[in-house]
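In what follows, a structure is listed as structure tokens, so that the remarks can point back to it.
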Amino acid sequence: MSNGPQAGWPGLWAAALQIVALRRAGQVGGAWARPLHGLDESGGELFALYEPLVCRAPQSPPWVIAHLGQSLDGFIATHNGDSRFVTGSQDLDHMHRLRALCDAVIVGAGTAAIDDPLLTTRRVPGTNPTRVVLDPMQRVPLAARVLQDRAAPTLWLCDERCHDPAVAARVAARVLAVPGLTAADGVFDAQVVRRVLVAQGLRVLFVEGGGVTVSRFLAQGLLDRLHVALAPVLIGEGRRGVRLPASSTMADCLRPGGRIVRLGDDVLWDFDLSASPGRSEGTGRAVDVRRTM
Ligand SMILES: NC(=O)c1ccc[n+]([C@@H]2O[C@H](COP(=O)([O-])OP(=O)(O)OC[C@H]3O[C@@H](n4cnc5c(N)ncnc54)[C@H](OP(=O)(O)O)[C@@H]3O)[C@@H](O)[C@H]2O)c1
């Protein structure tokens, strides 16, 4: 929280978790009415980041949020992949809150292989979401903690053509061999990912990285919200965050509406993409992100 723990926060957070637990169980949690007392302005601004996630009804359309913590020069990790840590503790807490409020947290194969993340909610009260490793070629090491530790339900999404049943038998995660996960351009198809997860009852999705994965969801118009936490650090050269096809003029560039929330030394941009021109409910044109990476 911007100015440390506030009196009203624990009760508000507990109420939000209760509604999310009902949604995850497929039950309607009732209308969300925020009790404002006990939070000052900064606490209210922080909590407003979570309200769109709390307000999702069990059968409402799928909803996708992504987060990246990046340097002032636009990198999410050093050139050899070190990202511990780009942003500060308040942004880490924020990411764990997003995990607690979403049905599923998704990471790309690069992140799973390099960071070996747990993807649990250990920094905040809340139940772990389903963990999703998006790995079309089934290249993530079998020893990856997320594939072995049974800390939460875990799905390992691979393209049907690259799936090896013998490999699947050696992990605790459930393997989903998905037909058409890899699009004609050789990159995963985010619409297929969303469709597969919705079929598993997972409708509120958190894309936690890395840059390639978030960029793909963004380029296909599937993000409702994008959180970019800017840290006061310069990396010089490293792994890029968002990458989209080049624009010729500034007028052509995506300039989503957003607001900022201070998270300690970091500044979090909360972009609402739900009304963006490129936004897709499932029929949008996929652009070639890979050629720009
Ligand atoms: N600061 C943050 O917010 C944040 C968040 C998450 C991750 N990260 C950092 O971002 C980096 C990863 O992001 P990313 O954009 O490169 O990838 P990503 O989006 O996590 O995953 C997709 C990419 O990973 C590659 N890949 C597949 N299997 C791999 C393997 N076994 N080892 C390494 N790469 C593999 C894929 O290459 P192919 O297309 O060739 O298969 C694809 O380009 C890591 O350094 C991680 O620490 C930072």
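For the reader, a short list of remarks on this structure follows.
- Within region 188-220, the set of residues being part of a loop (DSSP other than H, G, I, E, B) and away from the ligand (no atom under 16 Å from the Cβ) comprises Gln200, Gly201, Leu202, Arg203.
- Any hit, region 63-86, residues being within 13 Å of the ligand (Cβ to nearest atom), more than 19 Å from His227 (Cα to Cα), buried (at least 17 other Cβ atoms within 10 Å of the Cβ) and charged (D, E, K, R): no
- Count - residues of region 123-170 that are open to solvent by 60 Å² or more (accessible area, probe 1.4 Å) and either touching a helix residue (DSSP H, G or I) at 6+ places or on another chain (Cβ under 7 Å) or in a strand (DSSP E or B) (or both): 6
- Selection from region 221-242 of residues that are more than 9 Å from the ligand (Cβ to nearest atom) and charged (D, E, K, R): Asp224, Arg225, Glu237
- Subset of region 41-62 that is in a loop (DSSP other than H, G, I, E, B) and out of contact with any strand residue (DSSP E or B) (no Cβ under 9 Å at 6 or more places or on another chain) - its residue that is nearest to the ligand (Cβ to nearest atom): Tyr50
- Residue check for Leu223: open to solvent by less than 20 Å² (accessible area, probe 1.4 Å), under 27 Å from Pro52 (Cβ atoms) and either of a type outside the set (Gly, Ala, Ser) or assigned to a loop (DSSP other than H, G, I, E, B) (or both): yes
- Residue in region 100-108 that is in a helix (DSSP H, G or I) and either closer than 17 Å to Asp270 by Cα or open to solvent by less than 30 Å² (accessible area, probe 1.4 Å) (or both) present: yes
- Residue match in region 247-266 (condition: of a type in the set (D, E, K, R), part of a loop (DSSP other than H, G, I, E, B) and not assigned by TED's automatic domain parsing to the domain that holds Leu181): yes
- Within region 215-265, considering residues that are of a type in the set (Lys, Arg) and out of contact with any strand residue (DSSP E or B) (no Cβ under 8 Å at 6 or more places or on another chain), the one modelled with the lowest pLDDT: Arg255
The values are calculated or read from the model by the stated rules, or taken from the named source; none is laboratory data. None of these values were measured; they are calculated from a predicted model. When we count neighbours, we look across all protein chains shown, and the Cβ atoms used for this are built from the backbone with ideal geometry, even at glycine. For accessibility, only protein heavy atoms count, side chains too; no ligands or nucleic acids. Shrake-Rupley method; radii C 1.70, N 1.55, O 1.52, S 1.80 Å.
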